[in-house]
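Just so it is clear, none of the values below were taken in a lab; they were calculated from the coordinates. Keep in mind that this is a model prediction, so the values were computed, not measured. Cβ placement follows ideal geometry from the backbone for every residue including glycine, while neighbour counts extend to all protein chains displayed.
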Amino acid sequence: MHEISLAGGILKLVEDSALKENFRRVSLLRLEVGQLANVELRALQFALEAIAPGTVLEGAHLAFDEPPGQALCLDCRQTVPLPERGTACIHCGSYRLQATGGTELRVVDMLVADD
Amino acid sequence: MCVICGCADSGEKHPDPAHAPAAPQVNAQTGDLHFGAGAARVSVPGMSQARAIKLETDILGENNRIAAQNRQHFHAHGVTALNLVSSPGSGKTTLLCATILALKRRHPALAVSVIEGDQQTSFDADRIRATGAPAIQVNTGKGCHLDAPMVAEAFARLHTHGGPAADAAHHHHDDHASAEADDSTAHSHDAPHTHGHEHEHGHGHPHSHDHAPHHGDATSLLFIENVGNLVCPAAWDLGEAAKVAILSVTEGEDKPLKYPDMFAAARLMILNKTDLLPHLQFDVARCIEFARRVNPAIEIIQLSATSGAGMDAWLNWLEHALDPDFFA
């Protein structure tokens with residue numbers, strides 16, 4: 001349920017930017033949400049759509065990049081995919097994996113309009 | 001459009017006090033904070049409660065910035081802060097009470113204080129205060145986790161209610177004292193140590209305290225008991241030195257795999273209520289294996305806060321935690 005909190009944070013970032021850059025409408029908002037970011041994408045999309053009406057995000061198209069989870073295997077020293085925490089190294093079967101990618105959670109860029 | 005609340009007013013500054021940032025309701029006697037007392041019963045930093053009907057909100061980047069300030073603040077005051085996370089009913093508060101009483105016997109000079117997070121009620125803070133340790137209850141309303149601004153405000157209130165900074169550093173912040181004018185317990189420390197001072201947090205400026213700067217070990221412990229929830233608190237940095245995940249053996253050994261983010265974020269897992277193991281089908285070894293799958297480096301302590309078994313290992317860990325290098 002914290003996706004609602006995150007959506008509010010995203011809206012705040014966009015509104016701060018609207019104040020600085022002087023735009024009134026966002027037509028496209030691109031977000032990066034890593035596979036290991038502890039975020040349910042559908043819940044975040046729902047939350048953003050729910051809070052958008054009456055804001056600069058009203059009608060905005062949402063695009064999500066989902067960087068795959070990645071880890072360093074502490075046993076075989078290879079970089080391996082980690083689609084979710086608690087899965088084993090695909091090479092040696094070890095669970096001693098250290099996440100190195102897929103934890104991103106950020107606003108990447110957006111298309112804005114003044115009308 | 002107004003970027004404060006989203007209304008049509010494009011004025012520079014809202015004259016309407018309803019648009020001021022949501023302020024928590026403060027219990028004048030205890031300093032407890034209720035962030036969900038407004039119309040929408042949620043905390044919406046930077047927005048008015050009137051508009052908060054639509055959403056619960058927080059800002060992770062902004063949260064992390066304030067968490068970093070908290071971290072520097074804790075360090076400057078010689079405070080080791082631990083963020084205790086678990087599902088509801090794992091025995092966090094019972095463990096805390098037992099810990100506080102045990103630390104009193106072991107280290108009578110060590111200041112211990114608690115920030116208690118719950119959606120509603122001050123039951124937990126009341127239990128902590130009954131041990132003699134200062135506690136501030138933070139009610140989040142509908143919120144599912146504590147955030148860094150809540151902890152910043154609660155920590156400031158601990159100053160004026162006999163918390164770690166007040167006890168350990170013998171000073172309090174005059175700028176926080178106005179709300180507690182009617183609270184005589186807030187001003188119980190020695191008068192010569194009470195001074196207003198310029199305070200610059202987060203910029204590496206030396207504090208103009210009149211006491212010696214802290215060398216070596218921290219002089220106090222701050223436990224932050226998060227809202228009982230194994231999901232959301234994992235994502236919110238509060239400025240703690242470490243997260244401690246508490247799992248009770250009545251919950252099932254597969255919890256670390258079911259809620260991996262929390263166990264991945266924790267430095268230590270406490271397996272609590274081990275006195276009940278004879279009555280349960282709980283495979284301790286499997287549970288530990290699962291925890292290490294999601295966090296190979298996680299430390300694990302088994303204990304029973306009720307029987308006292310294993311408490312020494314936890315108290316030893318806390319002693320190590322007072323050394324700032326422990327978390328380096």
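On the principal axes of its alpha carbon atoms, segment B:64-157 extends 37, 32, 21 Å, with the longest extent given first. Starting from a Cα-only point model with no solvent, please compute log10 I(q)/I(0) by Debye for segment A:1-44 at q = 0.33 1/Å. Taken in order of the listed q values, log10 I(q)/I(0) reads -1.22. At 7 Å along the Cα-to-beta-carbon direction for both B:D275 and B:N64, put a label point, then send me their distance in nm to one decimal. Spacing of the two 7 Å Cα→Cβ label points: 4.3 nm.
Model label points for B:F326 and B:V26, set 7 angstrom from Cα along the Cα-to-Cβ axis, are 3.2 nm apart. Scaling against 2.2 N^0.38 Å puts the C-alpha radius of gyration of segment A:73-115 at 1.85.
Between A:E84 and B:D254, the simple spin-label model (points 7 angstrom out along Cα→Cβ) gives 1.1 nm. The phi torsions of segment A:79-91, fed into the Karplus equation with coefficients 6.51, -1.76 and 1.60 and a -60° offset, translate into couplings of 8, 10, x, 9, x, 8, 5, x, 9, 8, 4, 6, 8 Hz, rounded to whole numbers, with Gly and Pro shown as x. In segment B:250-328, the alpha-carbon atoms span a convex hull of 87 Å³ per residue.
Measuring between their Cα centroids, segment B:251-301 and segment A:23-99 lie 25 Å from each other.
Would you mind giving the mean number of other chain beta-carbons within 10 Å of the Cβ of each residue in A:5-18, as a whole number?
6
Per residue of B:253-264, other chain Cβ atoms within 10 Å of the residue Cβ number 3 on average.
Could you sort A:27-38, B:256-267 so that the peptide with the highest average Cβ count within 10 Å comes first and the rest follow in order?
Sorting A:27-38, B:256-267 by mean packing, highest first, produces B:256-267, A:27-38.
Taking each residue of B:293-300 in turn, how many C-beta atoms of other protein chains fall within 10 Å of its C-beta, and what is the average?
Working: counts 8, 7, 7, 7, 3, 0, 0, 0.
Partner Cβ neighbours, averaged per residue: 4.
How large is the Kirkwood hydrodynamic radius of chain A, in angstrom, based on all distinct alpha carbon pairs? Its Kirkwood hydrodynamic radius stands at 15.5 Å.
With 27 Å as the limit, write out which pairs from B:K92/B:K258; B:K104/B:K142; B:K104/B:K243; A:K12/B:K92; B:K104/B:K273 have Cα-Cα distances beyond it, or answer none. Where the Cα-Cα span goes over 27 Å, the pairs concerned are B:K104/B:K142; A:K12/B:K92. Between A:D75 and A:D114, the FRET efficiency estimated from the beta carbon spacing at R0 = 51 angstrom works out to 0.40.
Taking the average, over residues, of other Cβ atoms within 10 Å as the packing measure, peptides B:299-311, B:90-102, B:137-149 rank B:137-149, B:90-102, B:299-311 from highest down. Relative contact order for chain A: 36 percent, from Cα pairs under 8 Å spaced at least 6 residues apart, divided by residue count. Grouping the Cα pair distances of segment B:283-328 into 5 Å bins from zero gives a pair-distance distribution of 5, 18, 20, 19, 23, 12, 2 percent in increasing distance order. Protection proxy ranking of A:13-20, B:319-326, B:65-72, by the mean of other Cβ atoms within 10 Å over each peptide's residues and highest first, is B:65-72, A:13-20, B:319-326.
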